[in-house]
Amino acid sequence: MARRTPLFAIHQAAGARIVDFGGWDMPLQYGSLIAEHHAVRRAAGVFDVSHMCVVDLEGEAVRPFLLKLYANDVSKLAAPGKALYGCLLNERGGVIDDLIVYYLDEQWFRAVVNAGTRDKDLAWMRRHAEPFGVCVRERADLAMLAVQGPEARERVAGLLSGAGAERALALGAFFGAEIDGWFISRTGYTGEDGFEIMLPAHEAEALWRALRGAGVVPCGLGARDTLRLEAGMNLYGNDMDENTNPLESGLAWTVAMGPGRAFIGREALEALRARGLERKLAGLVLEERGVLRAHQRVIAPGAGEGEITSGTFSPTLERSIALARIPASASDQVQVDVRGRLLAARVVKPPFVRHGKSLVG
């Protein structure tokens, strides 16, 4: 039986189309996917992301533990509440998961991992935590809502106490803090400003209703996917997995290869760099009418072939876009096999959209 978030009954009552996502019954959309997408780009939308797994990592050696486990460098985290995006890698350099880690104090970090990988992530963390004496605690008691869009922060602040609203609005990007009993972080997966809110599961319904009362539009996984793809953000299982590495997945910027960092997967990545990468993850913009979808073949003249990893029609750009893993030597013009027709596409550097504005010509 699929898992359900504390807001499942609310989604059902709202007439949401429910789908299985990573073993969870989740709302795909409530009405028009495009309307939900535009609500986030133009004002504010709320997503139930309680299927994501919040994990508290506690112990005197939690920082050394994460220095080994995480491909990004948690030495960068010194201010309480600061967050860092990165990957867990296996010994071959493959991506076990991508996640956000928060520094709360010297004996307490918090990680947020993907729904579909939570079981293997927890097992991997616990396997490596034991020698460090680190406690890996899944926070199943918490729900999580993402409020995103140019008006999102103001809408959330309007539900907080006076002092709480000031603290929330003062949060810097990629910072979180305990405010009015909730952990509020200025993070997201849409390319817009906003908050992700972790709170006791029994309070999630009241917050959802309060946000709806403040004019925030409920949004499902469909809009979340079009928004994140416009923002050039990877989706685990599509754009990277254990058979791909961060260097060929557009995530080299999340790998800290500084001297003395013996994180899991480093040796494999160093060997890959020494040989030279054969593939890269690039953005595609379709130059003709059609819709780009995952697994379509990409032909790069003179360089070889690749494959689309994520594709969609972009509501903001009103054209089809994709992420694709293609030969590293590919030029800026390729062709995509769309139902047997070779259609012209232009190679671009993601993101495609940022803060509602097009970044591609």
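The values are calculated or read from the model by the stated rules, or taken from the named source; none is laboratory data. Remember, it's a predicted structure, so these values are computed and weren't measured experimentally. Positions of Cβ are generated from backbone atoms using ideal geometry, with glycine treated the same way; all protein chains shown enter the neighbour counts.
At-a-glance table
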{"item": "Filtered residue count, the stretch 16-46, keeping only those that are outside any strand (DSSP E or B) and modelled with pLDDT of 95 or more", "result": "16"}
{"item": "Residue in the stretch 129-145 that is of a type in the set (G, A, S) and touching a Lys or Arg at 6+ places or on another chain (Cβ under 9 Å) present", "result": "no"}
{"item": "Residue in the stretch 317-325 that is in contact (Cβ under 8 Å) with a residue 12 or more places away in the chain and touching a Pro at 6+ places or on another chain (Cβ under 8 Å) present", "result": "yes"}
{"item": "Residue tally, condition over 30 Å from P150 (Cβ atoms), surrounded by fewer than 23 Cβ atoms within 10 Å (Cβ to Cβ) and out of contact with any Leu (no Cβ under 8 Å at 6 or more places or on another chain), over the stretch 43-77", "result": "9"}
{"item": "Among the candidates I321, I326, I308, residue that is more than 19 Å from the chain's Cα centre (by Cα) and β-branched (V, I, T)", "result": "I326"}
{"item": "Any chance L292 is at pLDDT 95 or above, closer than 15 Å to L229 by Cβ and in a loop (DSSP other than H, G, I, E, B)", "result": "yes"}
{"item": "Number of positions in the stretch 308-326 that are more than 18 Å from N238 (Cβ to Cβ) and either hydrophobic (A, V, I, L, M, F, W, C) or not in a strand (DSSP E or B) (or both)", "result": "4"}
{"item": "Residue within the stretch 243-259 that is in contact (Cβ under 8 Å) with a residue 60 or more places away in the chain and surrounded by fewer than 16 Cβ atoms within 10 Å (Cβ to Cβ) present", "result": "yes"}
{"item": "Residue under evaluation H37, criteria (1) of a type outside the set (A, V, I, L, M); (2) surrounded by fewer than 24 Cβ atoms within 10 Å (Cβ to Cβ); (3) out of contact with any strand residue (DSSP E or B) (no Cβ under 7 Å at 6 or more places or on another chain), criterion not met", "result": "(2)"}
{"item": "Residue that is nearest to the chain's Cα centre (by Cα) [pool: residues in the stretch 134-179 that are β-branched (V, I, T) and outside any loop (DSSP other than H, G, I, E, B)]", "result": "V147"}
{"item": "Selection status of G232, buried (at least 19 other Cβ atoms within 10 Å of the Cβ) and among the small types (G, A, S)", "result": "yes"}
{"item": "Qualifying residue in the stretch 249-262 (condition: within 27 Å of L89 (Cα to Cα), outside any helix (DSSP H, G or I), among the β-branched types (V, I, T) and in contact with a helix residue (DSSP H, G or I) (Cβ under 6 Å, 6 or more places away or on another chain))", "result": "yes"}
{"item": "Residue list for the stretch 268-302, filter: surrounded by 15 or more Cβ atoms within 10 Å (Cβ to Cβ), over 26 Å from the mean Cα position of the chain (by Cα) and among the aliphatic types (A, V, I, L, M)", "result": "I299, A300"}
{"item": "Within the stretch 185-208, considering residues that are assigned to a strand (DSSP E or B) and either on the phi > 0 side of the Ramachandran plot or not charged (D, E, K, R) (or both), the one surrounded by the fewest Cβ atoms within 10 Å (Cβ to Cβ)", "result": "P200"}
{"item": "Residue match in the stretch 81-101 (condition: surrounded by 18 or more Cβ atoms within 10 Å (Cβ to Cβ) and without any contact (Cβ under 8 Å) to a residue 24 or more places away in the chain)", "result": "yes"}
{"item": "Odd one out for E305, checked against (1) in a strand (DSSP E or B); (2) on the phi > 0 side of the Ramachandran plot", "result": "(2)"}
